[in-house]
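One structure is given below, encoded as structure tokens.
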Amino acid sequence: MIRRTALLAVAALGACSQPPRDAESFARAPEAAARVVADCDAGRTDRECDAARLGLAETRRRARMAAYAQTIREP
């Protein structure tokens with residue numbers, strides 16, 4: 001009985017954990033991406049590092065494209 005309860009508790013905790021974020025979600029939240037990249041560079045985590053870096057790159061790309069569009073006066 002205790003074993004079954006322990007297994008159910010572990011399964012419930014696993015179901016409650018947040019799924020890893022993708023690059024697009026980091027692109028929408030560059031502050032979170034910067035925090036994750038800083039943690040990765042400091043060696044505090046190795047989860048979501050690639051997605052956070054890709055998200056930051058996408059954020060920068062979007063900013064460059066917006067500046068370009070404004071320069072040539074595109075809506």
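Scanning the range 44-66 for residues that are open to solvent by 80 Å² or more (accessible area, probe 1.4 Å) and either under 10 Å from ALA27 (Cα atoms) or in a helix (DSSP H, G or I) (or both) turns up ASP50, ARG53, LEU54, ARG60, ARG61, ARG62, ARG64, MET65. For the range 11-62, the set of residues classified as at pLDDT 95 or above and of a type in the set (Val, Ile, Thr) consists of VAL36, VAL37, THR59, listed by residue number. Given the criteria open to solvent by less than 50 Å² (accessible area, probe 1.4 Å) and modelled with pLDDT under 95, does ALA69 qualify? Yes; evaluated as a whole, the condition is true for this residue. Which of the residues that make up the range 55-75 are among the polar types (S, T, N, Q) and in contact (Cβ under 8 Å) with a residue 24 or more places away in the chain? Of everything in the range 55-75, just one residue is among the polar types (S, T, N, Q) and in contact (Cβ under 8 Å) with a residue 24 or more places away in the chain, namely THR59.
Could you look through the range 30-47, keep only residues that are small (Gly, Ala, Ser) and at negative phi, and pick out the one that is farthest from the chain's Cα centre (by Cα)? Write out each step before concluding.
To start, the set of residues in the range 30-47 that are small (Gly, Ala, Ser) comprises 32-34, 38, 42-43.
Now restrict to residues that are at negative phi: 32-34, 38, 42.
Working: ALA32: 7, ALA33: 6, ALA34: 9, ALA38: 12, ALA42: 17 Å.
Ranking the candidates gives ALA42 first.
The values are calculated or read from the model by the stated rules, or taken from the named source; none is laboratory data. Since we're looking at a predicted model, the values are computed, not measured. Don't worry about glycine lacking a Cβ; one is built from the backbone with ideal geometry, like all the others, and counts go over all protein chains shown. Just so you know, the surface numbers come from the protein's heavy atoms only, side chains and all, with ligands and any DNA or RNA stripped out. Shrake-Rupley method; radii C 1.70, N 1.55, O 1.52, S 1.80 Å.
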